[in-house]
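> Got a structure for you, questions after.
Readers should treat all values here as calculations from the given coordinates under stated rules, not as data from a laboratory. As the structure is a prediction and not an experimental result, all values here were calculated from the model. Methodologically, a virtual Cβ is constructed for each residue, glycine included, from the backbone with ideal geometry; neighbour enumeration extends over all protein chains shown.
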Amino acid sequence: MPELLKMTLALSSLWSALSFGGDNYAEHEAATALIDELVAQEGFEREELQQLFAEAERKDSILEAIARPAEKTKPWYDYREIFVTDKREKQGLEFYREHSATLARAEQETGVPAEIIVAIIGVETYYGRITGSYRVIDALSTLAFDYPRRSEFFTKELKSFLVLSREQGLDPLTLKGSYAGAMGYGQFMPSSYRAYAIDFDGDGLTDIWNNPVDAIGSVANYFKAHGWRPGEQVVAAASAAPDVGDEWFVRTRADLKPKFTVAEFAAAGVTSTDELDPEASAVAMKFELEDGYEYWLGLHNFYVTTRYNHSAMYAMSVYQLSQRIAAGVAE
């Protein structure tokens, strides 16, 4: 077992041992604090929440999964092969054609290209085929109460999930999602569900678990809310001079927000053959191939894509899959 994973599980067990007052989450110190907050601020019934947390289960497999995300362990040439495949393209075209009218309406109303919407759903859940097998209540409780490094974030998401379940009239013990608590076709976290999911078919329900129409509208709405600019380029292929330092390229999620212009990158030795606005903000990316590297400039809409998942490789996978789908639709 990798040392990082051993340390994560050991710290989680220590955190749990220090916080538990009994053998279930109903008696966990942090869960009790959340129950107090939900009762005082959201009008929940205390006994109802205590019973709910008594049925929530800690899952070590969740702690193991969150300690080894693919982004940190795979080079670009391996990562890309997971998502940009002939099979995912083929099934993306099938999804596109099946929901063409809904996609056209979403694109018209939000300005987000249909192929981007389809690619997001394809990368996230294989077009709704793989949406996660964990109970969301278990995933979020485990990470809120037994994963101290990100306890604050997941506690907020757990709170949002419980409020969301009540708003939608859903049983929180039956809803399933990813090991991190992401849900439905587009894998929205609960706070994103409440903020950006929409009832796109007008049936009075906002259902991204089972309703692809709502899922399509919700993904498009997410991109629009995060500033997608209709008609603008997403990325441009680039080249880099041998002496360009690594500090010019995206290395961590903190580097994803553009800080330099196309002209500044050109002066540093990162250039594109595309005719780009010299004053446009961009980020430069250096992706590892089996033999060498490929270079890209990511523009504003690329940054918007990273708001869905804070990863340059993720956003590039979405973009490249979207272009294959768009080419297939145009044939």
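> What full-extension length gain, to one decimal in nm, is calculated for residue 130 and residue 195 as 0.36 nm per residue of separation minus the Cα-Cα distance?
So the extension gain works out to 21.1 nm.
> Could you tell me the relative contact order of the chain? Use alpha-carbon pairs under 8 Å, at least six residues apart, and round to a whole percent.
RCO, the chain: 18 percent.
> Binning every alpha carbon pair distance of the stretch 242-293 at 10 Å from zero, what are the percents per bin?
All Cα pairs, binned at 10 Å, distribute as 23, 54, 22, 1 percent.
> Mind ranking 89-97, 122-130 by how tightly packed they are, going by the mean number of other C-beta atoms within 10 angstrom, highest first?
Ranked by mean Cβ neighbours within 10 Å, highest first: 122-130, 89-97.
> Mind giving me the nanometre distance, one decimal, between the label points for residue 330 and residue 167, set 7 Å out from Cα along Cα→Cβ?
It works out to 3.9 nm between the two label points.
> Mind checking which aspartates and glutamates have their Cα closer than 19 Å to the Cα of residue 286? Skip sequence neighbours fewer than 8 apart in that chain.
Within the straight-line limit of under 19 Å, residue 286 reaches these aspartates and glutamates: 71, 78, 81, 243, 246, 247, 255, 264, 274, 294.
> Once you keep just the Cα pairs under 8 angstrom separated by 6 or more residues, what percentage relative contact order results for the stretch 151-236?
Averaging sequence separation for qualifying contacts and normalising by length gives 21 percent for the stretch 151-236.
> Further, regarding this structure: With a sphere of radius 14 Å drawn around the Cβ of residue 248, what net charge do the other residues whose Cβ falls strictly inside it have (Lys, Arg +1; Asp, Glu -1)?
-2
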